[in-house]
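The block underneath contains the structure these notes are about, expressed in structure tokens.
Rule-based calculations on the coordinates, nothing more; no lab input. Since we're looking at a predicted model, the values are computed, not measured. FYI the Cβ positions are ideal-geometry reconstructions off the backbone, even for glycines, and counts take in every protein chain you see.
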Amino acid sequence: MNLRFASKSPASIAVLLMLAAGGAGAQQAAPPPAAAETGKGTFLLTIFLKHDQSKSLDQINAQLRAQGFYKAFPPPGIEVVSRYVMMGIGQVVTLRVPAERLREVNRAIEQTAWGGYRTEFYPSYDYKAIGEELHAKAQSQ
């Protein structure tokens, strides 16, 4: 598992810009449930599923099907917050994960995605409400 907390790669910057712009032109994900509904002990996990560009898309999909990726990922009960295709990269998936289920998510990726995708993981937390509150306070001063 490649775990990065800060990266200056072009792909990381592109995702951050896309997320900051609200996915400009992309289908918008449903708003996350209220904090009380999400429960304590969850975090957001953004996963880059980078295509193995030495293979065609048909080869990648055949390998993912053979390994059971589409059945295993995401594991049952794990909330998909957003899922985008990033041209030239692959997929960018953000999950809301209960802390005690992180291993299950990791194993689903290790057992079924590797070979078709190279993976990167970015744990984070939902800051939207706090950011909006700080912005509103700054506007009223």
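Across the range 41-57, rounded Karplus estimates of 3J(HN,Hα) from the backbone phi angles (6.51 cos²θ - 1.76 cosθ + 1.60, θ = phi - 60°) give x, 10, 8, 8, 10, 8, 10, 8, 9, 8, 4, 7, 6, 7, 10, 6, 4 Hz, Gly and Pro being marked x. Between Lys40 and Gln139, full extension at 0.36 nm per residue minus the direct alpha carbon distance yields a gain of 32.6 nm. Each of the peptides 49-58, 96-105 was scored by the mean count of other Cβ atoms within 10 Å over its residues; in descending order, highest first, they stand as 96-105, 49-58. Within the same chain, lysines fewer than 8 places from Lys71 are excluded, and of the rest, none has a Cα less than 16 Å from its Cα. The lysines whose alpha-carbon is closer than 21 Å to the alpha-carbon of Lys40, local same-chain residues fewer than 8 away aside, are Lys128.
Rounded to the nearest 0.05, the FRET efficiency derived from the C-beta distance between Gln67 and Glu100 at R0 = 35 Å is 0.90.
Site pair Gln91 and Ala129 shows an inter-label distance of 2.9 nm when each label is modelled 7 Å from Cα along Cα→Cβ.
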